[in-house]
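The values are calculated or read from the model by the stated rules, or taken from the named source; none is laboratory data. Note that this is a predicted model, so its numbers are computed, not measured. We place every Cβ from the backbone using ideal geometry, glycine too, and count neighbours over all the protein chains shown.
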């Protein structure tokens, strides 16, 4: 952190934005404002209040701080702003090790001590359950466990997407702009991903985008697309165009295609698999349905322990991987299709349902189908506390009760939040 200035203010390393005129609200240029930050919101922003009563969502702030913030967007009911000066600093403020922090936009929380990040993310879950799910604080205190942090909060990301300039420079688009930002090292990327980035940097290749995926537990990677090098490109070119790579979770190897989803934090994915399998096997199920099953991550772990598994996956790339990853298990039936359509025609007679939907959560028809089904237990993996709170309200209003909610930090130093919620059918 830079030294405290004579005014007791700490500058934050974020780019200054040009002031914008908002004719709908003030009909005048927007000025910086001073704020006391009191809370923390989904999206990784601290909360303050404008003198006119509107809520202000502040990037790069921490609850308890007094900041000068520059307004970036002003709406009728709320304001968005970026902290540009800290006049009273939180003891949880730390100096980011990344020279691009505040410019690339991929991380929102590098200025906050990691333990504090876990607490703030847990608070976001609780607030969403209260304000969106209409659950009581007493109920939430009974369900919500302490967030499981990552053993290593840096160098974890196994999948990186970059922009490539014509001169061979590789990087991201700068936060909130269309300007290119060269990246020579990403602090949250896997060391293997950074090694490949270094090999690719400044090579003139005929592509505008590049994707790097690396295995944490195996010596494998893929680079997409297949790179066509321009003349006079330096030697020692890394191979590219691989259609898939292999990763290992527990005792199982998984083929992962370039177009298939796989958790970007392999070590925390191992924790996630353990949490899910423990909650599934806790009631000694005979039949399990694995919805949004991906490449078969959970099904491969559970197949030796249960009599029957049905997997449902819409992505043909992921289902193709699952055909390889699950080929040794005769007790698995794979169905390719959307969960919404399959649920309308599938016999949902099963003991446990694993469901890992996208950020949009579940549709109402699927929730109604689950409420009316004989399924005894649901293990719901969510990457969005808001849609999770919405869906839990509907499930609880139907026929289920919440047993526990276990958050885990799959994405350190970012706003993203993962939860494993266990529900059981009320008797």
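Within segment 169-184, being part of a loop (DSSP other than H, G, I, E, B) and without any contact (Cβ under 8 Å) to a residue 60 or more places away in the chain holds for 169, 177, 178, 179, 184.
So that you can scan it fast, the table gives a plain yes or no per residue for (1) more than 24 Å from residue 281 (Cα to Cα); (2) part of a loop (DSSP other than H, G, I, E, B); (3) without any contact (Cβ under 8 Å) to a residue 40 or more places away in the chain:
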| site | (1), (2), (3) |
| --- | --- |
| 323 | no, no, yes |
| 349 | no, yes, no |
| 359 | yes, yes, yes |
| 378 | no, no, no |
| 388 | no, no, no |
| 392 | no, no, no |
| 404 | no, no, no |
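Filtered by the rule that a residue be assigned to a helix (DSSP H, G or I) and buried (at least 22 other Cβ atoms within 10 Å of the Cβ), segment 101-117 gives a lone residue, 117.
Annotation: of all residues in segment 191-222 being part of a loop (DSSP other than H, G, I, E, B) and touching a helix residue (DSSP H, G or I) at 6+ places or on another chain (Cβ under 8 Å), the one that is surrounded by the most Cβ atoms within 10 Å (Cβ to Cβ) is 215.
Scanning segment 37-73 for residues that are in a strand (DSSP E or B) and under 15 Å from residue 107 (Cα atoms) gives 45, 46, 58, 59.
Residue 410 satisfies every condition listed in (1) touching a helix residue (DSSP H, G or I) at 6+ places or on another chain (Cβ under 6 Å); (2) part of a strand (DSSP E or B) except (2).
Could you tell me whether any residue of segment 352-361 is under 19 Å from residue 254 (Cβ atoms) and in contact with a helix residue (DSSP H, G or I) (Cβ under 9 Å, 6 or more places away or on another chain)? Yes, segment 352-361 contains a residue that is under 19 Å from residue 254 (Cβ atoms) and in contact with a helix residue (DSSP H, G or I) (Cβ under 9 Å, 6 or more places away or on another chain). The set of residues in segment 87-100 being closer than 28 Å to residue 189 by Cβ and either at pLDDT below 95 or in a strand (DSSP E or B) (or both) consists of 93 alone. The conditions of being assigned to a helix (DSSP H, G or I), at pLDDT 95 or above, in contact with a helix residue (DSSP H, G or I) (Cβ under 7 Å, 6 or more places away or on another chain) and crowded, with 17+ Cβ neighbours inside 10 Å are met by residue 367.
Could you tell me whether segment 359-371 includes any residue that is touching a strand residue (DSSP E or B) at 6+ places or on another chain (Cβ under 6 Å), closer than 29 Å to residue 130 by Cβ and assigned by TED's automatic domain parsing to the domain that holds residue 403? No, segment 359-371 has no match at all. Of the strands (runs of 3 or more DSSP E) that lie entirely inside segment 228-315, those containing 2 or more residues that are touching a residue at least 60 places away in the same chain (Cβ under 8 Å) and surrounded by fewer than 21 Cβ atoms within 10 Å (Cβ to Cβ) span 252-257. Answer yes if at least one residue in segment 130-152 is under 20 Å from the mean Cα position of the chain (by Cα) and assigned to a helix (DSSP H, G or I), and no otherwise. Within segment 130-152, not a single residue is under 20 Å from the mean Cα position of the chain (by Cα) and assigned to a helix (DSSP H, G or I).
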